[in-house]
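K.L.:
Below are the structure tokens for one structure; questions will follow.
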Amino acid sequence: MARKSLTTALGNLRVTAFLFLSLHAVIGSGHDYHDALRKSILFFEGQRSGKLPPDQRVKWRRDSALHDGSTVGRDLTGGYYDAGDNIKFGFPMAFTTTLLSWSIIDFGRNMGPELKNAVKAVRWATDYLLKVTAIPDVVYVQVGDAYSDHNCWERPEDMDTLRSVYKIDGSHPGSDVAGEKPQPAAALAAASIVFRSRDPAYSRLLLNRAVMVFDFADRHRGAYSSSLRSAVCPFYCDVNGYQDELLWGAVWLHKASRRRRYREYVVKNEVILHAGDTINEFGWDNKHAGINVLISKEVLMGRAEYFESFKQNADDFICSILPGISHPQLQYSPGGLIFKAGGSNMQHVTSLSFLLLAFSSYLSHANKVVPCGETTASPALLKQLAKRQVDYILGDNPLGMSYMVGYGPRYPLRIHHRGSSLPSVQAHPARIRCKEGSRYFLSPNPNPNVHVGAVVGGPNITDAFPDSRPFFQESEPTTYINAPLVGLLAYFSAHP
Ligand SMILES: *[C@@H]1O[C@H](CO)[C@@H](O)[C@H](O)[C@H]1NC(C)=O
């Protein structure tokens with residue numbers, strides 16, 4: 001599909017690429033990528049749930065949700081609130097952990113002093129993922145009742161909404177959940193690589209757990225049970241199916257363990273699990289492009305011809321994302337931002353840009369390019385495209401607005417985030433109850449707590465941005481927007 005539209009779009013491609021480059025030249029910003037990197041990691045501290053450690057740097061946050069899991073007799077404290085609410089959703093937590101890990105695996109050497117903070121950000125997630133997978137054949141996939149939470153505007157520190165615990169087990173085979181939907185095999189496997197030399201015992205623990213969780217997921221392929229679905233949908237509804245989650249888990253297990261069975265699993269299940277579908281999707285719900293790019297590295301290194309078809313899918317993905325090529329699922333705004341329908345667009349911008357950059361460096365090492373019809377995607381072009389997206393986020397856009405809170409002279413002031421928009425516990429020790437928060441939500445004033453490093457959903461297709469709390473699709477930050485951005489900023493801080 002992408003290839004067909006390619007030839008007709010070639011003229012456009014050159015024009016668009018030229019515009020992109022000239023816009024960049026005019027602004028010539030020279031962003032402080034290292035400052036942005038530091039902030040993008042700091043953001044995760046503001047999203048922490050549970051008991052905060054003494055070295056917590058984000059001071060407007062306090063301990064919260066200290067009884068999570070008590071209703072099922074487990075300690076399920078910790079982990080991250082995924083966005084501007086106070087729920088711990090399994091899908092985003094797993095995807096966030098995987099992408100933070102991938103950022104470190106590929107670009108950790110570019111992080112300088114921030115590397116240790118990035119590793120801590122992974123560990124905050126994996127400590128929690130180990131808790132939710134501690135019982136064999138059970139995965140706790142969510143803590144907090146989304147309806148009751150979304151009905152209130154409360155600080156996490158004050159929460160009195162239902163902290164319901166949702167699980168998958170043998171009799172509720174949300175087995176689709178165990179791929180990585182709320183199935184964290186990929187996250188645990190990826191993180192095991194991060195800790196391999198830093199903390200070998202912890203790394204082994206993560207890998208063994210990934211093996212166990214993956215087996216469980218694979219044995220119980222299926223759809224969400226209706227009971228689980230009602231809790232998770234419509235917030236993180238698994239619309240894409242479980243197949244890509246299983247492959248995603250297997251691919252990371254292959255990379256982390258080098259065990260033959262995962263390689264064979266990936267090869268054997270490629271067609272069954274539809275690796276070639278929806279090639280330019282990558283996010284918490286759909287891992288296709290990520291699977292193909294990650295596996296392509298091995299093909300490019302010349303040691304895995306049996307994965308050749310994944311490399312072909314990755315090439316198709318790369319060609320489909322080039323600006324100037326019309327594709328039904330992906331557009332560029334007039335100001336040059338990647339745009340996909342559905343809200344919280346910045347998640348697509350950072351995830352897809354991460355894949356462009358990762359693939360570009362795999363190509364560079366192999367001294368290869370991607371042929372796209374009559375044109376060629378070189379590693380340099382892919383890096384330029386990824387950098388253009390990062391620069392847009394940091395302020396090179398029609399509004400001159402940085403979409404990262406606390407970076408640059410102009411950034412979103414009214415982000416859709418409970419903790420940021422309500423006074424801190426220090427400033428206002430008395431409890432602010434569910435509906436008492438509404439006046440802060442509706443206030444035109446800037447948020448009192450600057451959530452440094454938070455990257456919001458971003459502008460709409462016309463590059464317009466309302467900077468208003470009720471516009472959550474534009475103004476809400478999420479952990480899965482930031483996780484791939486950490487890798488991008490690391491690379492560009494070392495290669496500005
Ligand atoms: C984009 O946002 C602006 C400002 O909020 C609004 O006026 C415009 O209608 C929006 N356009 C689209 C296509 O959503």
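K.L.:
Based on this model, can you work out whether LEU422 counts as crowded, with 22+ Cβ neighbours inside 10 Å and farther than 30 Å from ILE338 by Cβ?
P.N.:
Yes, satisfied.
K.L.:
Quick check: is even one residue across region 323-344 under 26 Å from ASN367 (Cβ atoms) and assigned to a helix (DSSP H, G or I)?
P.N.:
No.
K.L.:
Something else: Only one of ASP158, ASP137, ASP149, ASP127 is within 29 Å of LEU42 (Cβ to Cβ), open to solvent by 40 Å² or more (accessible area, probe 1.4 Å) and not aliphatic (A, V, I, L, M); which?
P.N.:
ASP127
K.L.:
Identify, please: which residue in region 428-447 is in contact (Cβ under 8 Å) with a residue 40 or more places away in the chain and assigned to a loop (DSSP other than H, G, I, E, B) and is, among those, farthest from the ligand (Cβ to nearest atom)?
P.N.:
ARG431
K.L.:
Would you mind stating whether HIS348 is over 25 Å from CYS152 (Cα atoms), open to solvent by 10 Å² or more (accessible area, probe 1.4 Å), part of a helix (DSSP H, G or I) and touching a strand residue (DSSP E or B) at 6+ places or on another chain (Cβ under 7 Å)?
P.N.:
Details: over 25 Å from CYS152 (Cα atoms): yes; open to solvent by 10 Å² or more (accessible area, probe 1.4 Å): yes; part of a helix (DSSP H, G or I): yes; touching a strand residue (DSSP E or B) at 6+ places or on another chain (Cβ under 7 Å): yes.
Here the answer is yes, as HIS348 does meet what is asked.
K.L.:
Being of a type in the set (S, T, N, Q) and modelled with pLDDT under 85, is that true of even one residue in region 287-308? Walk me through how you get there before you give the answer.
P.N.:
Going through region 287-308, the residues of a type in the set (S, T, N, Q) turn out to be 292, 296.
Checking which are modelled with pLDDT under 85 leaves us with none.
Checked against the condition, which is being of a type in the set (S, T, N, Q) and modelled with pLDDT under 85, region 287-308 yields no hits at all.
K.L.:
Restricting attention to region 458-475, which residues are away from the ligand (no atom under 12 Å from the Cβ) and either open to solvent by less than 30 Å² (accessible area, probe 1.4 Å) or touching a Lys or Arg at 6+ places or on another chain (Cβ under 9 Å) (or both)? Show your work before the answer.
P.N.:
Filtering region 458-475 for residues away from the ligand (no atom under 12 Å from the Cβ) gives 469, 472.
Matches in region 458-475: ARG469 only.
K.L.:
Can you find a residue that is open to solvent by 20 Å² or more (accessible area, probe 1.4 Å), aliphatic (A, V, I, L, M) and in a helix (DSSP H, G or I) anywhere in region 364-380?
P.N.:
So far as region 364-380 goes, yes, one or more of its residues are open to solvent by 20 Å² or more (accessible area, probe 1.4 Å), aliphatic (A, V, I, L, M) and in a helix (DSSP H, G or I).
K.L.:
Identify, from the list HIS451, HIS416, the residue that is within 16 Å of the ligand (Cβ to nearest atom), part of a loop (DSSP other than H, G, I, E, B), under 27 Å from ALA341 (Cβ atoms) and within 21 Å of the chain's Cα centre (by Cα). Working first, answer last.
P.N.:
Numbers: HIS451 fails: within 16 Å of the ligand (Cβ to nearest atom).
Residue meeting the stated conditions: HIS416.
K.L.:
Under 7 Å by Cβ, and 6 or more places apart or on different chains, what pairs join a residue from region 201-214 that is part of a helix (DSSP H, G or I) with one that is open to solvent by 40 Å² or more (accessible area, probe 1.4 Å)?
P.N.:
Filtered contacts from region 201-214: SER203/ARG196; MET212/PRO136.
K.L.:
Identify all residues within region 279-303 that are without any contact (Cβ under 8 Å) to a residue 24 or more places away in the chain and not in a helix (DSSP H, G or I); write none if there are none. Full working, then the answer.
P.N.:
Keep residues of region 279-303 that are without any contact (Cβ under 8 Å) to a residue 24 or more places away in the chain, which gives 298-299, 303.
Matches in region 279-303: ARG303 only.
The values are calculated or read from the model by the stated rules, or taken from the named source; none is laboratory data. All figures in this text were calculated on a predicted structure; none of them were measured in a lab. In this analysis, Cβ positions are derived from the backbone assuming ideal geometry, glycine residues included, and neighbour counts consider all displayed protein chains. Heads up: the accessible areas ignore ligands, DNA and RNA and are worked out on the full protein's heavy atoms, side chains in. Shrake-Rupley method; radii C 1.70, N 1.55, O 1.52, S 1.80 Å.
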